[in-house]
Amino acid sequence: MNGVETLAGAVFVAPLAVTLLAPFLPSRWAQRLAAAVSALLMLLLAYAAYATLGSGPVYVFSNTLVIDPYGALLALAVTFASLLAVVAAGPVVNSWITGPAFYSLAMLMLFGVYALVFTADLLVVMTAWILVSVASYAASALARDPYSVEGAVKYALMGSASSTLLMIGIIFYFALARGTHVAPGLAPPTGFTWIAALATMVFIVAAVGFKMGVFPFQTWLPDAYGGVHPALVAFIIGVSKVMGVAALYRLTLPLAEAYPHYWFTVIAAFSILTMTYGNLGALVQNDVQRMIAYSSIANAGYFLVGFAALAPLPGMRRDWALMGIAIHIVAYVLSKVGSFTLLSMVRESLGTTVMKVFRGLSLTAPASSASFVILLLSLMGMPPLLGFWSKVYLFASVVYYAPWLALIALINTVVSIAYYARIIRAVYFDKPEDGPSEVVQHREQVAVLLVTAVLSVLLAFGILQVVVEKLLPL
């Protein structure tokens with residue numbers, strides 16, 4: 001067993017150990033500490049694995065996993081976001097009877113996402129997908145309030161359809177690749193028609209689209225992310241998005257290279273429909289949690305702009321696309337973890353997240369409100385924050401081949417300003433009817449908000465771009 005394989009084994013053992021042991025630890029504080037230490041250990045080991053790679057990928061465990069720089073970046077992003085979400089959720093979930101299950105399920109989901117991030121085998125894809133899906137359905141219902149249960153049921157029902165579509169897509173992929181190994185350079189077998197290739201793309205994108213919130217597979221998302229307790233969503237939303245991005249990255253690079261024109265057409269269509277639906281849906285919401293849930297749909301469309309640019313067509317900038325996807329996943333998980341942490345504080349204190357309770361929030365929670373607004377501005381794509389640079393790379397990656405797609409994405413970004421501005425106006429400029437709302441703020445939650453906001457600013461000043469350039473498989 002080589003050094004990278006040893007590190008990979010350690011990375012996978014850490015969350016499984018916490019999954020099994022957390023419910024038996026003597027206190028909720030010990031359970032939360034074990035989960036946080038496990039996530040921190042995974043963060044360090046993922047970086048150590050990258051540091052030992054040099055410039056090329058390393059296959060481990062009989063070629064079922066591939067440890068490469070780009071996968072390491074996705075792993076670092078999801079692990080750091082999970083660590084923050086676990087810390088922020090502690091003050092809330094520790095009061096629930098289901099609290100111990102949260103820490104076990106969180107680490108189980110992180111284990112499955114790591115398998116997807118580094119997968120090189122179709123069987124690993126399917127197994128990890130089911131593992132993360134079932135764990136996330138259970139985690140969604142842990143609050144046991146009517147809204148969380150309703151959201152969890154809808155999530156589970158739609159997720160089962162997602163797994164079925166993925167299984168069909170993998171069957172087509174197996175025929176296309178003539179095996180279970182996932183690698184670039186597909187050579188379609190004789191008799192494999194363009195219709196079969198198109199079906200492979202559609203089934204895989206549809207399956208991943210359920211997890212990412214791609215139109216028309218997004219119907220569960222507003223009720224799940226908009227109704228499930230925000231403390232749980234803060235964890236699930238990052239894991240689900242990285243899960244979808246990782247699956248698309250691993251499975252679609254070969255498809256994009258083998259069928260570039262079909263790939264671009266399919267992904268561009270999904271992208272336009274998704275970002276437009278998400279932004280228009282957010283415009284008509286009066287509940288901030290549902291509004292930010294709809295923005296997650298719009299962001300799935302932005303991700304797809306970058307995936308469309310992976311097709312090797314004249315004028316496409318694949319390097320910019322990979323850069324944009326990587327930066328956007330970091331900007332996205334930071335903004336969503338921080339935003340749903342604040343929503344958790346508001347919901348726990350006031351029982352609702354409708355727009356009117358945010359009026360004058362800056363008067364009673366100045367630091368948390370300022371951090372929340374910075375995260376919203378990053379999601380909006382306001383320069384010079386991290387979300388601005390990710391959109392620049394994503395939109396620029398297609399502008400030379402399909403300027404119309406870049407223009408539609410830019411128009412959608414402008415539309416999103418309207419609903420983000422409504423929240424910012426309520427927090428800072430609207431006067432509350434009955435005086436400013438008092439929100440209970442736990443130290444851990446405020447700390448997570450500050451960390452996510454500060455990183456959204458600092459990483460925008462060239463730090464992340466330099467890191468990603470070194471990681472890109474160019």
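The values are calculated or read from the model by the stated rules, or taken from the named source; none is laboratory data. A quick note: this is a predicted structure, and the numbers were derived from the prediction, not measured. Cβ placement follows ideal geometry from the backbone for every residue including glycine, while neighbour counts extend to all protein chains displayed.
Observations on the model:
- Of all residue pairs spaced 6 or more apart or on separate chains, those with beta-carbon atoms under 9 Å, a first member in segment 400-420 that is part of a loop (DSSP other than H, G, I, E, B) and a second member that is surrounded by 13 or more Cβ atoms within 10 Å (Cβ to Cβ) and among the basic types (Lys, Arg) are 400/317; 401/317.
- Cβ-Cβ under 8 Å pairs, at least 6 apart or on other chains, segment 107-123 side of a type in the set (S, T, N, Q), far side part of a strand (DSSP E or B): 119/65; 119/66
- Positions within segment 377-389 being part of a helix (DSSP H, G or I), surrounded by fewer than 24 Cβ atoms within 10 Å (Cβ to Cβ) and in contact with a helix residue (DSSP H, G or I) (Cβ under 6 Å, 6 or more places away or on another chain), in sequence order: 380
- Note on segment 117-141: residues that are over 23 Å from residue 46 (Cα atoms) and crowded, with 23+ Cβ neighbours inside 10 Å amount to 2.
- Residue in segment 317-325 that is crowded, with 24+ Cβ neighbours inside 10 Å, within 25 Å of residue 117 (Cα to Cα) and under 15 Å from the mean Cα position of the chain (by Cα) present: yes
- So residue 294, is it at pLDDT below 85 and either surrounded by fewer than 21 Cβ atoms within 10 Å (Cβ to Cβ) or in a helix (DSSP H, G or I) (or both): no
- In segment 144-163, the residues that are within 20 Å of residue 231 (Cβ to Cβ) form Cβ pairs under 7 Å with partners that are among the hydroxyl-bearing types (Ser, Thr, Tyr) and outside any helix (DSSP H, G or I), at six or more places apart or across chains, as follows: 144/98.
- Some residue of segment 351-363 being in contact with a Ser or Thr (Cβ under 7 Å, 6 or more places away or on another chain) and crowded, with 24+ Cβ neighbours inside 10 Å: yes
- Put simply, of 55, 27, 62 the only residue that is surrounded by fewer than 18 Cβ atoms within 10 Å (Cβ to Cβ) and modelled with pLDDT of 75 or more is 62.
- Single match in 205, 228 (criterion: closer than 17 Å to residue 321 by Cβ, over 12 Å from the mean Cα position of the chain (by Cα) and surrounded by 24 or more Cβ atoms within 10 Å (Cβ to Cβ)): 205
- All conditions in (1) over 16 Å from the mean Cα position of the chain (by Cα); (2) more than 22 Å from residue 361 (Cα to Cα); (3) touching a residue at least 60 places away in the same chain (Cβ under 8 Å) hold for residue 306, with the sole exception of (1).
- Residue count for segment 202-260 under the criterion of being in a helix (DSSP H, G or I), modelled with pLDDT under 80 and polar (S, T, N, Q): the result is 1.
- Selection within segment 207-232 - closer than 16 Å to residue 166 by Cα and small (Gly, Ala, Ser): 207, 209, 213
This table checks each residue for (1) loosely packed, with under 13 Cβ neighbours inside 10 Å; (2) modelled with pLDDT under 85.
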{"position": "420", "(1), (2)": "no, no"}
{"position": "429", "(1), (2)": "yes, yes"}
{"position": "433", "(1), (2)": "yes, yes"}
{"position": "447", "(1), (2)": "no, no"}
{"position": "452", "(1), (2)": "no, no"}
{"position": "455", "(1), (2)": "no, no"}
{"position": "464", "(1), (2)": "no, yes"}
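- Any hit, segment 92-100, residues being in contact with a Ser or Thr (Cβ under 8 Å, 6 or more places away or on another chain) and either assigned to a loop (DSSP other than H, G, I, E, B) or crowded, with 21+ Cβ neighbours inside 10 Å (or both): yes
- Checked across segment 90-109, the condition of being within 15 Å of the chain's Cα centre (by Cα) and not acidic (Asp, Glu) holds for at least one residue.
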